[in-house]
Amino acid sequence: MHVLTLICLAILTTVSSGQVESRSDVQCTNQGGQCLDWRYYFCTAGWESGVCDGDSYRRCCLPCDQACLDQEDEWSQQDDGCTSQGGKCQLNSNFCDGSYSGGLCAGPSERQCCLAVQAPDPEFRALFIASAFNVDWPTYGGESSSEQHDQMLAFLNTAEEMNMNAIMFQVRPAADALYDSSIEPWSRFLTGTQGQPPSPYYDPLVFVVEEAHKRGLEVHVWLNPYRGGIQTNYDGLADNHVCNTLRQYCYVYDKYLWLDPGAPEVEDHLIHVITDIVTRYDIDGVHFDDYFYPYPGDNDFPDSSTYNQYGNGMTRADWRRDNVNRLIERCYDTIHGIKSLVKFSISPFGIYRPGEPGGMPPPIAGLDPYSEQFADTKLWLQNGWVDFIAPQLYWKISAPAQSYPTLLDWWLDEANDMDRYVYAATGVYRLEDGWPVGEFLDQVALSRDNGRRSKGSLGNIHYSAKFFRDNYDGIRDEFIRINPNKASVPPMAWLGEGKIPDKPEVVIKGRSLNVDFGEKSEVVRNWSIHREVDGKWVLQKTIPKAILLLVDTDGSGGLPSGSLYTQLPMKAVPILSLAIWTLSWVDGVWTGEWSRSEGGTRTRAHKFYPLGTNPEFRGMYVATVENIDWPLSSTGSTDEQKAQIIDILDAMEEMNMNAVLFQVRPVGDALYNSTYEPWSQYLTGKQGLAPEPFYDPLEFMVDEAHLRGIEVHVWLNPYRAGSNVVFEDLAENHMCKKLSQYCYTYGRFFWMDPGSPEVADQLILVLEDILARYNVDGVHFDDYFYPYPEAVDFPDQDTYTMYGNDMELGDWRRDNVNRMVQRCYETVHRIRSQAVFSISPFALYKPGQEGGMPPPLNGFDPFEGQYADTKLWLQQGWVDFMAPQIYFRNEPESTSFPLILDWWLQEDVNPLNRHVYAAIAAYRAILEGWNVSDILEQVEMTRDDIRRDQGSLGNIQYSAKYFRDNQMGIKTEFININPGPALIPPKPWLDEERVQGKRST
């Protein structure tokens, strides 16, 4: 028996008898096989040569029974060694677009791993998202806004998963709008009724642009220029629809309403629509499809009146082509006159003048849009009126009269005098007609051929998105496989992208790198983050129009191996001009440099201080309560207070610290210009009294800290409301005055009741105010929740009675704090997605109890004493980092620093791999007889490699004054243990890639 039948696999791809030229293939067909071109069809059973007539590309694939298929299924479940590398296991007689590797697949030795060639970069990878007839989105029209959001996110997430980089979003299917237009009515495909806005209101285009750009996807708005209605009458059209306002130029033709391209008023209307979109939305391109004059019906298009008025002696066919040509040229000029980097493109019918001079030669045959739609698509490309063209090549590779590669080659060789890009559109919708997924994989491979890429074939657009979202016949899985890496959008030199200043102004503020090109800023469309892998640059992420360049990681929280750079889209293919920001490994330290290359020669333009070799959070508490650290006196002048801030920050910079935790709300008051709470008595000596001369301490702190590469985390006490004051001395807008029924005297402080919804709402208002108005890097709470217990219980019985909901008192109190912590986390990230939320609780947790710290650890339990379920917050991911106050020595074991730290790093305590930055009691070395060496030893413990792998990526020192004053030489010692700056550890769950460093020299 033949080896292929022994292996007992099956053909997966079949074609109809009309798809392949019939030949005498008896040696194959007698075995139940089929002769096909092995380059374009995949056969699970592999190919047998020499049994098919014709050229050597025709080979025989044999089928097998269900038992054989079951065996293949069994093998495929053991192919992880191949699939984990993006490969596919198959018999090695199949064509492989990369290379075969043995030993990675189950089954016989002939079954090997086909590892795809790395997908090219740059490459345009796009999906059409059609709204006409609700083909893709929204699913029905008239769904709720939230449902439509979810539907769109499914498409965008699918595109991101497949490493696509653009979408073509249909926003004007029939002279209507899937965006908030003042010119045209809301589309019925969006809401079910033309002219009716979505409810609750939102602007789909604003939503799509924002969400797509988050995912590194360009947004090209797709418009149908002349189609006026998908209906054969004027019923149901909104009053402001162009078929009502220009009824004399809107005709019923065949199945639709059509606008007359020959009417100047129609052309002006279209330009008005395009001008409005390009001006108001942060889009990346404008796109037309294949509808110009309509595809021909039974009768001629009824434009005789317009032709008689405007024909100017031309034949009607030439006049019609001239109408469309004028619109195309005017659209191109209009778009680039408003925003030079917004692209204009068209996806016309894929054939041009078949069999005619200047057109496609035989055997190409089919409809001619030049004479039928009056679309001179070749002229638009030759004149440079489009930035790219995407001919709709919705035919198979093997189609004799419309062969995909033959058509693509004509567009590249015969029509593209201006060297514009050609992104062939593929018809994946033909999957519904039984086409195999392999057909489209092969079409992409043909587009990627190096010879074609050199002529401008730099991508594909696929119609339509729903087939990928639904993974129809596994097509999404296959595209994930053939796109293992991200790709940047091919830059376009003719848009003026090569003109940039030699030397931008670069200012590094904490985590952000701000690059300012001044008058040339508009030439920057995006940044791209690359990593060097095996000597090649691999794109990690595209950030459209961003000035925040973020550190990429290898997933372990460390810096990437090799170098990292950001490349502006200022090059053609081949590269003409390049400007980059580079992190390089030089003599044991990371250094940064801005440089520019011309013709392959790089010249240095901007130099930066060295960067740290390992990310580490090096924080410093600056306490304001009772003037512990700052200001030194509540009666000091504004200049004195500013100088004191400078002293602290200068000391931190000298020690290569990178974050300050600045206490701005010690007791329900404010050391900043608050909308809701009074000025603090610790700032001016009297609560409610503003500094004189006026300044905003938080604004000053942020500016000065960021100039030094230091993050600012605002430190708030959520519930503590007063210290060493009497009620009458509180300002009228203090929380204890506004919510006096929930403000209690307990111990030596006033405390707000955590069980009161009004108290929680007030706290959220405070957070929103700070985050909206200040460029802070994080929000931080310390260990004060319910107060540390006194001799009597906390006096919240009335609130418990009102809101307890039959819970035990302790459970209810914990629930109050839990809800507040979760709500604060969500508020922080809702307003500033890259800001972090953190807490520094008492270090112990349920010592000696189930789920808590095991013996010998012992001591105060904040779970019972403060109703703070700190472990839950970490497990739920309600903090971005936890800074347990491990204010203990390494011995005794009952409160051992390393034992406590290791407990916080355990996987069951920290399953989401949030960071743990131990808070260290530097004050105890000064005030309580510890040695400075105790503090240094604890810092080194946090740096242990095993602990770093578990999330120990920094520490925070309490408090600043001891370092500022170099008491017991502690500042000197920290200068020694921090010889260079360090990056803030990136947090993958915030989708960060951050570049950091100090201000440029």
Open item on the list: As a test question: what accessible area, to the nearest 10 Å², does LYS88 have when a 1.4 Å probe is rolled over all protein chains in place?
Closed with: 60 Å²
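Relative contact order for segment 617-996: what percent, with Cα pairs under 8 Å and sequence separation of 6 or more?
17 percent
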TODO: Place +1 on the Cβ of every Lys and Arg and -1 on the Cβ of every Asp and Glu in segment 617-996, take the dipole about the Cα centre, and give the residue among ILE886, THR745, PHE794 whose Cα lies farthest towards its positive end.
DONE: ILE886
TODO: Name the residue farthest towards the positive end of the dipole of segment 617-996 from the options LEU899, PRO718, SER633, assuming +1 on Cβ of Lys and Arg, -1 on Cβ of Asp and Glu, about the Cα centre.
DONE: SER633
TODO: Using a 1.4 angstrom probe on heavy atoms only, work out the carbon and sulfur share of the accessible area of segment 316-386 in %.
DONE: 49 percent
Open item on the list: Nothing charged except the Cβ atoms of Lys and Arg (+1) and of Asp and Glu (-1): what's the magnitude of the dipole of segment 31-115 about its Cα centre? Round to the nearest 20 debye.
Closed with: 280 debye
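Quick check: with the 1.4 Å probe, what order do PHE207, PHE794 take by accessible area, largest first? Walk me through the numbers on the way to the answer.
Working: PHE207 35, PHE794 10 Å².
Largest accessible area first, the residues go PHE207, PHE794.
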TODO: Would you work out the charge dipole size for segment 617-996 about its Cα centre, treating the Cβ of every Lys and Arg as +1 and the Cβ of every Asp and Glu as -1, and quote it to the nearest 20 debye?
DONE: 300 debye
TODO: Determine the dipole magnitude for segment 332-464: charges of +1 sit on the beta-carbon of Lys and Arg, -1 on that of Asp and Glu, nothing else is charged, the reference point is the Cα centre, and the result goes in debye to the nearest 20.
DONE: 360 debye
Task: Ordering of 731-744, 615-628 by packing [mean C-beta count within 10 Å, highest first] - done: 615-628, 731-744
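Below 8 Å, C-alpha to C-alpha, sequence gap of six or more: please give me the relative contact order for segment 31-115 in percent. It would help to have the intermediate numbers written out before the result.
Details: 143 pairs, mean separation 22.3, N = 85.
Reported as a whole number, the value is 26 percent.
Pairs LYS214/LYS987; LYS846/LYS871; LYS642/LYS961; LYS378/LYS466: which exceed 19 Å Cα-Cα? Show your work: numbers first, answer last.
Values: LYS214/LYS987 16 Å; LYS846/LYS871 10 Å; LYS642/LYS961 15 Å; LYS378/LYS466 31 Å.
From LYS214/LYS987; LYS846/LYS871; LYS642/LYS961; LYS378/LYS466, over 19 Å: LYS378/LYS466.
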Open item on the list: If I model a spin label at LYS255 and LEU912 as a point 7 Å from the Cα along the Cα→Cβ vector, what separation in nanometres do I get?
Closed with: 5.0 nm
- [ ] Run the 1.4 Å probe and let me know the accessible area of GLU758, rounded to the nearest 10 Å².
- [x] 70 Å²
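Give me the percent of DSSP beta bridges within segment 617-996 that run antiparallel, rounded to the nearest 5. Don't jump to the answer; show the numbers that get you there.
Details: 7 of 40 bridges.
Close to 20 percent.
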Open item on the list: Let's test the formula: R0 of 25 Å, r as the Cβ-Cβ distance of ILE831 and TRP989. What FRET efficiency results, to the nearest 0.05?
Closed with: 0.90
- [ ] Mind checking which of CYS68, GLN90, TYR100 is farthest towards the positive end of segment 31-115's charge dipole, using Cβ charges of +1 (Lys, Arg) and -1 (Asp, Glu) about the Cα centre?
- [x] TYR100
- [ ] Obtain the nm distance between the two label points defined at ASP419 and ASP433 by a simple spin-label model: each point lies 7 Å from its Cα along the Cα-to-C-beta direction.
- [x] 3.7 nm
Open item on the list: Per-residue counts of other Cβ atoms within 10 Å, averaged by peptide: what ranking do you get for 71-81, 364-374, highest first?
Closed with: 364-374, 71-81
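Using only alpha carbon positions, build the gyration tensor of segment 31-115, then give the equivalent ellipsoid semi-axes as the square roots of 5 times its eigenvalues, largest first, whole angstrom.
Value: 23, 16, 9 Å, ordered largest first.
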- [ ] Show which aspartates and glutamates lie in cross-link reach of LYS738 when reach means a straight Cα distance below 17 angstrom and same-chain residues fewer than eight apart are skipped.
- [x] ASP669, GLU677, GLU728, ASP729, ASP753, GLU758, ASP761
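At a 10 angstrom cut-off on C-beta neighbours, averaged per residue, how do the peptides 385-396, 675-686, 658-669 rank from highest to lowest? Display every interim value, and only then the final one.
On the way: 385-396: 23.1, 675-686: 20.0, 658-669: 27.5.
Ranked by mean Cβ neighbours within 10 Å, highest first: 658-669, 385-396, 675-686.
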Open item on the list: Heavy atoms of the protein only, probe of 1.4 Å, neighbouring chains included. What is the accessible area of ASP289 in Å², nearest 10?
Closed with: 10 Å²
Open item on the list: Suppose R0 equals 51 Å. What FRET efficiency, 1/(1 + (r/R0)^6) with r the Cβ-Cβ distance, do ALA317 and TYR140 give to the nearest 0.05?
Closed with: 0.80
TODO: Would you mind computing, in nm to one decimal, how far apart the modelled labels at ASN244 and ILE230 are, each placed 7 Å from Cα along Cα→Cβ?
DONE: 2.0 nm
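The values are calculated or read from the model by the stated rules, or taken from the named source; none is laboratory data. Computed from a predicted structure; not experimentally measured. We place every Cβ from the backbone using ideal geometry, glycine too, and count neighbours over all the protein chains shown. In case anyone asks, the SASA skips ligands and DNA or RNA and just uses the protein heavy atoms, side chains included. Shrake-Rupley method; radii C 1.70, N 1.55, O 1.52, S 1.80 Å.
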